[in-house]
Amino acid sequence: MNLRAKLTLFVSFLLLLVIVVVSYNIFVTQKKILTQQISETRSRAFKSFVSMCNEAIKVRDDIQVNNAVKLLVSTYKPSVVYAGYINLNNAVMYASRDEDRNMDSVLKARIKKASKDYIEIYSSLTGEQICEFATPFFFQGENVGTFVVGFSQDKMKEQIDESISIMLSKIKVIVIVTFIFGVLLVYFLGYSFVKPIKILTVAAEEITKGNLDVEIKVNRKDEIGILSNTFNNMTKQIKELDTMKDSFVSSVSHELRSPLSAIDGYCDLLIEYVNKDYSKEQQLKGLQIIKQATVRLTNFINNILDLAKMKANKLEIKKTDADITAVIEEIVSLYEPLAAQQKKRIYSEIKEEIPFINMDIERIKQVVTNLVSNAMKFTKENGNVVLKAFPNSEGYGNDYIEVWVQDDGVGIPKQQVDLVFQKFYQVKEGEFKKPKGTGLGLTIVFEIIKLHNGHVWAESDLGKGTTFKFVLPK
Ligand SMILES: Nc1ncnc2c1ncn2[C@@H]1O[C@H](COP(=O)(O)OP(=O)(O)O)[C@@H](O)[C@H]1O
Ligand SMILES: [Mg+2]
């Protein structure tokens, strides 16, 4: 059963339950009210009958008493079965609804001198339930007679049943209309709930098929709106990851293939050189190129492994007190030959003494190496790469030392400066449409600095150069 049918069924059931409970309650209260009303009417009728007769008896006007009796019976026919007055000598004045019936004996049988007011329900000889009101008549302090009026209980029941059945027929109409209206409303409301779910399902199916360009149009602010928005964000992220994956695969193949083909080519050359007795220098040059290619491969593989460790939170930091100045100078001298070869200049500029800090020396070397290799990569001929260090940080205060790797290279577009730390992110604009590398170096830098409770960021002017800065706590 689908969602809409379930909802409709559930609401119908609920509606029915409410209707039944409410109707039953109305029925019960209405019955109570009607019964009470009738009892009050009877009481009033009896009292006014008694007071009318009282006056007449006191002036011994039997005719008026008789008239009162007859009037009561005829007015409240068929509710009043009989009414009468009995005095001490069992003299009776009465009238009955059933004129043909001899009420004399009936009434006489009922008559006992009432010593006080009573209301009694009994079954008459014809089997009718009768509610009898009686009150004694006092004359000059003496109990000299009794007034009685018999009301028909059956007639009362009929009366109640009749007005309740009128009410029930009205309720019936209301109930049917409400029910039909309610169910229809829920059915159509259900549509507005189910429709976006159907759209989401179709979109999810599209994604499963590999179409990542789906977007759900949302203009509602309820839970379904939130779900749709989340869905759109999810699709966007999947798409981003998909492009990242593609660029990573192409970077990886390039990073693997180019050093491998260098190694392969130079191995062939070396074999030829050995066979043809080439000079030692020529052989050495070949070996150096092979060495460079293996270093590049090793670095690349290490980057990938480091990233995997970071993802699993397994990158370990072994801190010792160490000298950052020495690290910087070591890396500068390591890159000097390459810089000379590429007609670039690399140097350090450290004017103040930098205190020893607690750090993982190998990991910080990795950070500086990554930054320097980027700076070299993105600087043109005659460019400069400068490494600076300061004992205090301007932005983060005196609890930090600060290190800069500055270049006057191509720079990074403003909007992308903060993005370069993202996994696989590479600027693909301007002069560097196809950068060599994997986009992992800065991600690793970021993670290592984070593990040292430091901060790293970049400042750049497109076309003028970039400075990568990081701070480490003392
Ligand atoms: N010194 C720099 N000058 C200009 N752009 C840079 C510099 N350093 C990094 N970038 C940009 O940031 C990107 C990410 O750098 P990185 O994570 O080291 O990856 P990779 O060097 O493998 O491309 C680079 O592709 C480049 O676009
Ligand atoms: Mg890099």
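The values are calculated or read from the model by the stated rules, or taken from the named source; none is laboratory data. All values derive from a computational prediction rather than experimental measurement. Every residue, glycine as well, gets a Cβ built from its backbone with ideal geometry; the counts of neighbours run over all protein chains shown. The protein model used for the area step is the full one, side chains on, heavy atoms only, and it has no ligands, DNA or RNA in it. Shrake-Rupley method; radii C 1.70, N 1.55, O 1.52, S 1.80 Å.
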For this session: Would you check which residues across the stretch 72-93 are modelled with pLDDT under 85 and under 21 Å from residue 44 (Cβ atoms) and list them?
Result: 77
Problem set entry | Members of the stretch 130-153 that are closer than 19 Å to residue 42 by Cβ, touching a residue at least 24 places away in the same chain (Cβ under 8 Å) and either surrounded by fewer than 16 Cβ atoms within 10 Å (Cβ to Cβ) or in contact with a Gly (Cβ under 6 Å, 6 or more places away or on another chain) (or both) | 130, 148
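Every residue, every condition in (1) away from ligand 1 (no atom under 15 Å from the Cβ); (2) open to solvent by less than 70 Å² (accessible area, probe 1.4 Å), yes or no:
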{"site": "309", "(1), (2)": "yes, no"}
{"site": "321", "(1), (2)": "yes, no"}
{"site": "327", "(1), (2)": "yes, yes"}
{"site": "334", "(1), (2)": "yes, no"}
{"site": "339", "(1), (2)": "no, yes"}
{"site": "349", "(1), (2)": "yes, yes"}
{"site": "366", "(1), (2)": "no, yes"}
Seminar exercise, completed: Scanning the stretch 200-231 for residues that are in a helix (DSSP H, G or I) and more than 19 Å from the chain's Cα centre (by Cα) gives 202, 203, 204, 205, 206, 207, 208
Exercise. Only one of 327, 405 is in contact (Cβ under 8 Å) with a residue 24 or more places away in the chain, in the same structural domain as residue 468 (by TED's automatic domain parsing), of a type outside the set (S, T, N, Q) and within 16 Å of ligand 2 (Cβ to nearest atom); which?
Worked result: 405
Seminar exercise, completed: Flagged in the stretch 344-385 as part of a helix (DSSP H, G or I), charged (D, E, K, R) and in contact with a helix residue (DSSP H, G or I) (Cβ under 9 Å, 6 or more places away or on another chain), in numbering order, are 363, 365
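For residues that are within 12 Å of ligand 1 (Cβ to nearest atom) and open to solvent by 10 Å² or more (accessible area, probe 1.4 Å), scanning just the stretch 445-456, find the one that is nearest to residue 422 (Cα to Cα).
Out of the qualifying residues, it is 446.
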Exercise. Do we find a residue being touching a residue at least 12 places away in the same chain (Cβ under 8 Å), touching a strand residue (DSSP E or B) at 6+ places or on another chain (Cβ under 9 Å) and within 30 Å of residue 319 (Cβ to Cβ) anywhere in the stretch 420-433?
Worked result: yes
Exercise. Within the stretch 28-50, is even one residue open to solvent by less than 50 Å² (accessible area, probe 1.4 Å), modelled with pLDDT of 85 or more and over 24 Å from residue 121 (Cβ atoms)?
Worked result: no
For this session: State whether the residues of the stretch 348-364 include one that is more than 19 Å from residue 454 (Cβ to Cβ) and either in contact with a Gly (Cβ under 7 Å, 6 or more places away or on another chain) or free of Cβ contacts under 8 Å to residues at least 24 places away in the same chain (or both).
Result: yes
Exercise. How about the stretch 49-77: which of its residues are among the charged types (D, E, K, R) and farther than 15 Å from residue 145 by Cβ?
Worked result: 70, 77
Seminar exercise, completed: Condition set more than 22 Å from residue 74 (Cβ to Cβ) and without any contact (Cβ under 8 Å) to a residue 12 or more places away in the chain, scope the stretch 158-174, selection farthest from the chain's Cα centre (by Cα): answer is 161
For this session: Within the stretch 176-199, track down each residue that is among the aromatic types (Phe, Trp, Tyr) and within 17 Å of the chain's Cα centre (by Cα).
Result: 193
Problem set entry | Residue that is farthest from the chain's Cα centre (by Cα) [pool: residues in the stretch 232-251 that are within 19 Å of residue 428 (Cβ to Cβ) and of a type in the set (Val, Ile, Thr)] | 249
Exercise. Quick one: how many residues across the stretch 374-404 are crowded, with 18+ Cβ neighbours inside 10 Å and within 11 Å of ligand 1 (Cβ to nearest atom)?
Worked result: 7
Problem set entry | Test for residue 362: is it out of contact with any strand residue (DSSP E or B) (no Cβ under 9 Å at 6 or more places or on another chain) and away from ligand 2 (no atom under 16 Å from the Cβ) | yes
Problem set entry | the stretch 198-223, residues that are surrounded by 14 or more Cβ atoms within 10 Å (Cβ to Cβ) and of a type in the set (Val, Ile, Thr) | 199, 207, 214, 216, 218
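A quick yes/no check of all residues on (1) in contact with a strand residue (DSSP E or B) (Cβ under 8 Å, 6 or more places away or on another chain); (2) farther than 25 Å from residue 176 by Cβ:
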{"site": "22", "(1), (2)": "no, no"}
{"site": "64", "(1), (2)": "no, yes"}
{"site": "71", "(1), (2)": "no, yes"}
{"site": "75", "(1), (2)": "no, yes"}
{"site": "79", "(1), (2)": "yes, yes"}
For this session: Please indicate, with yes or no, whether at least one residue in the stretch 406-421 is under 20 Å from residue 324 (Cα atoms) and surrounded by 16 or more Cβ atoms within 10 Å (Cβ to Cβ).
Result: yes
